[in-house]
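Participant: Got a structure for you, written out below as structure tokens; questions coming shortly.
The values are calculated or read from the model by the stated rules, or taken from the named source; none is laboratory data. Predicted model only: the values in this text are computed from it and were never measured. Here the Cβ is made from the backbone with ideal geometry for all residues, glycine too, and neighbour counts use every protein chain on show. Protein only, heavy atoms only, side chains kept; ligands, DNA and RNA dropped before computing areas. Shrake-Rupley method; radii C 1.70, N 1.55, O 1.52, S 1.80 Å.
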Amino acid sequence: MRLAEREQGLLAARGNPLRITALDDVARTRARYVNRQPDAGTRILFDALLARDGIAAESIVGYDRLEFRTSPSRN
């Protein structure tokens, strides 16, 4: 039984001028990256993919720059 499905990806500038197609491209091109907070699912997945691919977090420009998602209010 499939409970949920999620698709993740990277956002690039229009036309993808740095031709980023994989995580190692983010490190290689020194593209600016904005991370999620450490307990976010997106961050956990990103860290796991970096580890899988042998990419050091320190090689990602902006890895330490955090963007927090706020939940919409439910009234």
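Participant: I need the phi-derived Karplus couplings for region 37-53: 6.51 cos²θ - 1.76 cosθ + 1.60, θ = phi - 60°, integer Hz, Gly and Pro marked x.
Facilitator: 5, x, 8, 6, x, 4, 5, 4, 5, 4, 4, 5, 5, 4, 4, 4, 8
Participant: Would you work out which of Ala13, Leu45, Thr29 lies farthest towards the positive end of the dipole of the chain? Charges go on Cβ: Lys and Arg +1, Asp and Glu -1.
Facilitator: So the residue furthest toward the plus end is Ala13.
Participant: I need the per residue convex hull volume for the chain, using only the alpha carbons, in cubic angstrom as a whole number.
Facilitator: Values: hull volume 11.0 nm³, N = 75.
Per-residue hull volume (Cα only) is 147 Å³.
Participant: Magnitude of the Cβ-charge dipole of the chain, K/R +1 and D/E -1, about the Cα centre, nearest 20 debye?
Facilitator: Charge dipole of the chain: 280 debye, to the nearest 20.
Participant: Largest first, what is the accessible-area ranking of Arg32, Arg6 with a 1.4 Å probe?
Facilitator: Arg32, Arg6
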